Amino acid sequence: MTVTTDKPTMIEFRDVHKYYGDYHALRGINATIKAGEFFSLLGPSGCGKTTLLRTIAGFEGISSGVVLIDGKDVAGIPPNNRPTNMVFQSYAIFPHLTVEQNVGFGLRKDPRSKEDKARAVDEALAMVGLSGYGKRAAHALSGGQRQRVALARALILKPKVLLLDEPLSALDKKLRENMQVELIKLQRQVGITFILVTHDQEEALVMSDRIAVMFEGEIAQLDDPETLYRLPKTRAVANFIGTMNFLPAKIIAEGAGKVEVEAQGFGRVILDEQKQVTGQTSPGGCTIGFRPETATILFEGQNAPDRESMATVEEVVYYGDMTYYDVRLDGTSEPMRLSMRNTFGRPVLDIGTRARIGWSPGALVMFR
Amino acid sequence: MKLPTLRIYTIAYLIFLYAPIIILPIFAFNNSTAVAFPLQGFTTQWFGQVWADPALREALKNSLIVAVSTSVLSTFFGILAARASTRYSFPGSGPVLGLIMLPMVLPEMIMAMALLVVFLSVGIPLSLFTIILGDVLICTPFAVAILTSAFQSLDRSLEEAAQDLGEGPFSTFYLVILPLVMPGIISATLICFTISIDEFIIANFLGSGQKLLSTYIFGQLRFPKNVPNIMALGTILVGVSIALLSLAEFFRRRGIAKTGAKDTGGFL
């Protein structure tokens, strides 16, 4: 993961609102995207992530607020005059043109000679691994090839920002995973700011330097993938990115950067206010959260690294390399999801088995 | 055994539909002025007479002027309407489009009479021009229907991609949209041409003394000795119509194949 804090700002949103009639699609977006960053807009469908991307490209106007690209207010500047290029979800490859005509489409007004342009097209095709495909008809390409043509067509113009609208959603799983790695490499190679819209949290985690998680027209959290996963600000973010278990809890004492809570099933724990407590302060109860892989079932002869609780196995889902267990901690009403790596010689437990659960207070998160 | 009722019905229907048209070429090559069986032997003299008739040549020339003008104008208006209805939403777009399409189902007689009254009261003399105006009214709905399907099958993001790659609205239109809807445009032009060539009521009401093919043919039917000529002319017209409609359908289908869209019906 690259450190991005010292890089100059490429895009800035200042209190951006967007209405479609009565519908409030963007509700006060404030964010900065650094130059050379791989940035993702992540959220469920209808959260406004594509709308936000299209305000950068210039396909959507905004109702109020300011969008700055490279320090310049882009209000009123049409898409053809913005230093951004886009890879569309449908790829939008021109079906009546060949691959090289598609890739060279944006060079029409380029003052370079024909030969120079042809060389640029060849280089762009080589960059996306499509050398020799130039003369092919665009409508005869496979999904993966179209995607590459769309990338080459956008990157040939050397934009300051490349916008990617769910570019991998139409590909099958294997191809998608390959393209994720290729896109990361490509981004490092060209050094351009990439902004990716996706609803796939795994894709966002794998590819991004930073991620903005959006719900209902607002950015719920903007962080690097690790922080987002480890210390989500709200339960909604925690649930959208991976799985998180929640236990009702009560604050016992607070002070000197520490919080002591009494959590159902886990008992009393002391948490670090800086590293483990998240969300706005609210009166009343709080919630303790932990990820499935941070707690473990203790088998015969294993000792808890830290703390230990008793639980009953309620559901077993076998995935080959992993087994997911739903276990109910003694004294709680909801089952917790644990994910265990299957190792040689370790049995898969049956439903109803009593099990010791090992966990560490350091892996817990407290939501106020 | 059960009677194949539906099959018999279909065959009878097709015979009823096409038998009269098959009669045309049969008598066009029949060596007799009487349109009656038994046939009297093969001849091509009627085609020669058709070609030699100066009045018919005049009518053909007029018809071509009208049909070409009508098809170009109707297609042009069709492009504007189809683009507006598929790309933009504006208050009243539904009713406006409905009104544009209305002449497709309105009785032509009514339209022709209404136009005649208007032309006469405004003081526009009847001429080929007034026929063209009438025909454009009839043909434009067909052009709109064909072109709307062509514009609808265009992926909106193609247009955005062209803009994103540096093109303004006009260059986007002629670099991307126009080539992709071109098969629809050709198809619409050909169909409008065919409709206009066949058009009788408008030509008869708004044509003043100017003869078009349709009104000429109608006039000739009064003279029994000219009937074989009409048969020959009819044969030529049927042949040309079929050729044009097939060409139109060919372009429509090729357009769909090219853009990879789904076929949503057509005229053939």
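Please treat every number below as a calculation from the coordinates, not as lab data. Note that this is a predicted model, so its numbers are computed, not measured. A quick note on method: Cβ atoms are made from the backbone with ideal geometry, for glycine too, and the neighbour counts reach across all protein chains shown.
List of remarks:
- Helices (runs of 4 or more DSSP H) completely within segment B:143-245 that count 3 or more residues being of a type in the set (S, T, N, Q) and touching a residue at least 12 places away in the same chain (Cβ under 8 Å): B:178-198
- Evaluated against (1) over 30 Å from the mean Cα position of the chain (by Cα); (2) away from chain B (no Cβ under 12 Å); (3) buried (at least 19 other Cβ atoms within 10 Å of the Cβ), residue A:147 falls short on exactly one condition, (1).
- In the set (1) assigned to a helix (DSSP H, G or I); (2) within 11 Å of another protein chain (Cβ to nearest Cβ); (3) closer than 28 Å to residue A:208 by Cα, the condition left unmet by residue A:139 is number (3).
- Count - residues of segment B:25-54 that are free of Cβ contacts under 8 Å to residues at least 60 places away in the same chain and in a strand (DSSP E or B): 1
- Residue satisfying all of: in segment A:158-179; in contact (Cβ under 8 Å) with a residue 60 or more places away in the chain and either of a type in the set (Asp, Glu) or in a loop (DSSP other than H, G, I, E, B) (or both); surrounded by the most Cβ atoms within 10 Å (Cβ to Cβ) among these: A:167
- Flag if residue A:110 is of a type outside the set (Val, Ile, Thr), within 14 Å of chain B (Cβ to nearest Cβ) and free of Cβ contacts under 8 Å to residues at least 60 places away in the same chain: yes
- The condition of being surrounded by fewer than 18 Cβ atoms within 10 Å (Cβ to Cβ) and not hydrophobic (A, V, I, L, M, F, W, C) holds for residue A:216.
- Some residue of segment B:136-147 being within 14 Å of chain A (Cβ to nearest Cβ) and out of contact with any His (no Cβ under 6 Å at 6 or more places or on another chain): no
- Where strands (runs of 3 or more DSSP E) fall entirely within segment A:6-102, those with at least 3 residues that are crowded, with 16+ Cβ neighbours inside 10 Å and within 14 Å of another protein chain (Cβ to nearest Cβ) are at A:84-87.
- Residue among B:151, B:119 that is away from chain A (no Cβ under 14 Å), surrounded by 15 or more Cβ atoms within 10 Å (Cβ to Cβ) and within 18 Å of residue B:203 (Cα to Cα): B:119
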